[in-house]
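Structure, as structure tokens:
We did not get these values from a lab; they are worked out from the coordinates using the rules stated. Predicted, not measured: the structure shown is a model, and the values here were computed from it. Backbone-built Cβ (ideal geometry, glycine too); neighbour counts: all protein chains shown.
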Amino acid sequence: MNLCIVGTGYVGLVSAACFAEMGNTVCCVDVNPKVVDMLRQGKVHIYEPGLEQLVQRNTSEGRLTFTTDLAEGLENALFVFVCVGTPSRADGSCDLSYVHQVARQVGQTMKDYKIVVDKSTVPVGTADQVKALIGEELARRGLDLEFDVVSNPEFLKEGDAVSDFMKPDRVVVGTENVRTAKLLEALYAPFARSRDKLVVMGVRSAEMTKYAANCMLATKISFINEIANICERVGADVRDVRMGIGSDSRIGYHFIYPGVGYGGSCFPKDVKALIRTAREHDFTPQLLESVDEVNDRQKLVLPGKIRAYFAEQGGVEGKTLALWGLAFKASTDDVREAPALAMIRALTAAGMRVRAFDPVAGATARQALGENDLLEINGKDQYAILEGADALAVVTEWNQFRNPDFGRMKKLLKAPIVFDGRNLYQPETMAANGFAYFGIGRKPVAS
Ligand SMILES: NC(=O)c1ccc[n+]([C@@H]2O[C@H](COP(=O)([O-])OP(=O)(O)OC[C@H]3O[C@@H](n4cnc5c(N)ncnc54)[C@H](O)[C@@H]3O)[C@@H](O)[C@H]2O)c1
Ligand SMILES: O=c1ccn([C@@H]2O[C@H](COP(=O)(O)OP(=O)(O)O[C@H]3O[C@H](CO)[C@@H](O)[C@H](O)[C@H]3O)[C@@H](O)[C@H]2O)c(=O)[nH]1
């Protein structure tokens with residue numbers, strides 16, 4: 001089948017490469033000429049395991065092409081996937097300007113029947129807006145071409161994007177048109193060989209399903225973070241509590257890891273957007289508002305522990321913190337809404353020096369944080385930043401931080417103090433190695 005994918009970010013590029021891998025012919029369109037140039041040379045501008053090889057193979061075999069020209073992308077395509085960003089506006093609502101822009105451009109450019117598939121995460125009712133905008137532009141051109149607008153939200157996770165796309169739990173398709181549903185079923189059939197995965201529903205239900213999924217997962221994280229904060233105060237250990245509740249299959253072990261709060265380009269913005277939608281419809285989304293507030297508060301829990309620890313030594317001003325991890329989670333270079341950024345801003349504002357290491361997110365973090373005399377970012381060596389630092393904070397759960405050389409760490413740090421925002425280490429092990437250790441919701445152990 002012939003596809004046009006508009007937007008070559010995490011969702012667009014992964015979808016394009018995976019569809020091409022299954023034998024489809026895919027033309028990707030992006031407004032950013034630098035990105036398109038890089039992709040044409042087989043270089044991928046984002047860090048996503050396995051993606052570059054997939055892009056290179058399909059490009060060299062002619063199934064995957066890149067352009068800045070939407071007309072070229074639409075030329076032979078039956079499906080037009082909209083994969084552009086839908087960031088938060090200052091008031092928390094979803095900024096649909098890129099989606100609207102694409103809809104208008106499609107209406108201005110299309111020459112024959114198209115199925116416009118919205119993969120971007122968009123509020124309920126957006127497909128109707130897209131339909132109206134395309135119709136408006138066609139009318140301006142005096143054309144009466146047929147087209148369809150479908151919702152097909154994406155559920156991949158960054159860091160696992162390729163395998164999530166290749167083996168989805170489900171494929172949600174929102175359309176009232178049986179023929180269109182059949183065509184999408186055929187397109188997705190290679191990703192659903194083990195079992196039937198297509199869930200077909202109305203367009204509005206599909207748009208809502210995406211928000212419901214992300215809000216459910218965000219709720220689980222805020223819930224366990226709340227439990228962790230209570231555990232700390234009552235002398236319980238959240239690690240044991242997680243094992244205890246996770247064993248109940250109705251609860252499960254997944255997505256109940258406490259930590260530094262959820263970040264990324266999806267949960268924070270999608271929870272806020274659904275809150276806005278509910279409020280616009282005169283409904284107070286009490287639970288979602290709490291999920292969001294608990295998360296904002298959680299991002300400051302670790303900096304709070306650091307400040308409390310150094311309070312007895314005259315505060316954090318002039319002290320140096322070594323920080324492991326800048327990305328919002330492991331296996332990505334994405335720092336959008338990353339808890340590490342909130343932490344760095346809070347601590348450097350209080351006069352603390354921060355020396356940070358991340359295996360891949362150094363450049364994106366530097367760009368997001370801008371100039372800051374109190375911040376130094378090192379992308380080469382997790383141990384080098386420890387030398388002479390007053391403490392270490394671990395913020396992202398990269399594998400290389402899970403089993404570090406504690407002896408070497410102890411020699412390099414000025415004092416053996418670890419603030420563990422991901423509960424990677426055991427309090428008993430840390431105490432045995434002579435570290436003062438502060439996790440999230442852990443039972444204190446005397447060193
Ligand atoms: N990142 C994820 O893990 C993820 C997962 C599921 C769903 N989503 C949703 O998918 C959408 C895209 O997210 P992303 O993270 O891939 O975004 P992104 O910011 O990584 O990429 C968006 C791309 O769209 C391009 N673009 C913007 N306007 C354009 C236009 N008019 N024509 C062509 N290209 C244009 C940008 O240049 C950019 O390369 C969002 O709605 C997001 O919420 C993201
Ligand atoms: O038990 C957990 C699980 C996750 N997180 C944090 O939650 C955030 C989001 O993690 P994750 O969901 O793994 O990454 P995303 O790439 O943001 O993926 C989410 O957002 C995407 C965009 O909508 C969806 O497609 C995915 O299904 C959904 O998992 C990160 O900061 C994680 O550290 C926790 O704190 N505890």
How large is the Kirkwood hydrodynamic radius of the stretch 2-201, counting all unique pairs of alpha carbons, in Å? 17.0 Å
Compute the normalised compactness of the stretch 118-269: alpha-carbon radius of gyration over 2.2 N^0.38 Å, N being the residue count. 1.36
Within the chain, excluding any trypsin sites (Lys or Arg not before Pro) found in a DSSP loop (not H, G, I, E or B) and having at most 16 other Cβ atoms within 10 Å, the longest uninterrupted segment runs 251-379
Let me check against my output: what whole-number percent is the relative contact order of the stretch 355-435, with C-alpha pairs under 8 Å and at least 6 apart? 28 percent
Relative contact order as a percentage, the chain, C-alpha pairs under 8 Å and 6+ apart, gives 11 percent
Taking one equal scatterer on every alpha-carbon of the chain, how large is log10 of I(q)/I(0) by Debye at q = 0.08, 0.10, 0.11, 0.12 1/Å? -0.52, -0.78, -0.92, -1.05
The pairs in Lys220/Lys380; Lys269/Lys299; Lys319/Lys443; Lys131/Lys167; Lys299/Lys443 lying past 24 Å Cα-Cα in this model are Lys220/Lys380; Lys319/Lys443; Lys131/Lys167
Residue-wise, which Karplus ³J(HN,Hα) couplings in Hz belong to the stretch 234-246, taking 6.51 cos²θ - 1.76 cosθ + 1.60, θ = phi - 60°, and x for glycine or proline? 10, x, 9, 10, 5, 5, 5, 5, 4, 4, x, 7, x
From the phi of every residue in the stretch 28-41, what ³J(HN,Hα) in whole Hz does the Karplus formula 6.51 cos²θ - 1.76 cosθ + 1.60 yield, where θ is phi - 60° and glycine or proline is x? 9, 10, 9, 6, 8, x, 5, 5, 4, 4, 4, 5, 4, 8
Pop out the ³J(HN,Hα) list for the stretch 270-279 in order, Karplus 6.51 cos²θ - 1.76 cosθ + 1.60 with θ = phi - 60°, rounded to Hz; leave Gly and Pro as x. 6, 5, 4, 5, 5, 4, 4, 4, 4, 5
Most fluctuating of Gly135, Gly252, Gly23 in the GNM of the chain (C-alpha, under 10 Å) is Gly252
How far, in degrees from 0 to 90, does helix 51-60 lean away from the longest principal axis of the Cα atoms of the chain, to the nearest 10? 30 degrees
As a Kirkwood estimate from alpha-carbon pairs, the stretch 299-438 has a hydrodynamic radius in angstrom of 14.7 Å
Normalising by the residue count of the stretch 327-399, find the relative contact order in percent from Cα pairs under 8 Å and 6+ residues apart. 36 percent
For the stretch 150-219, treating each Cα as an identical point scatterer without solvent, what Debye log10 I(q)/I(0) comes out at q = 0.11, 0.25 1/Å? -0.27, -1.18
If amide hydrogens are placed 1.01 Å from N in the peptide plane, which non-local residues have theirs closer than 5 Å to the one on Lys319? Arg353
Over the stretch 237-318, how many percent of alpha carbon pairs lie in each 10 Å bin up to the one with the longest distance? 15, 29, 32, 19, 5, 0
Looking at the chain, send over the antiparallel percent of its DSSP beta bridges, to the nearest 5. 5 percent
Please give the per residue volume of the convex hull enclosing the alpha carbon atoms of the stretch 221-360, rounded to a whole number of Å³. 141 Å³
Between the alpha carbon centres of the stretch 278-300 and the stretch 45-74 the gap in Å comes to 38 Å
Measure nothing but the geometry: give the 0 to 90° angle between the long axis through the Cα atoms of 301-311 and the longest principal axis through the Cα atoms of the chain, rounded to 10°. 20 degrees
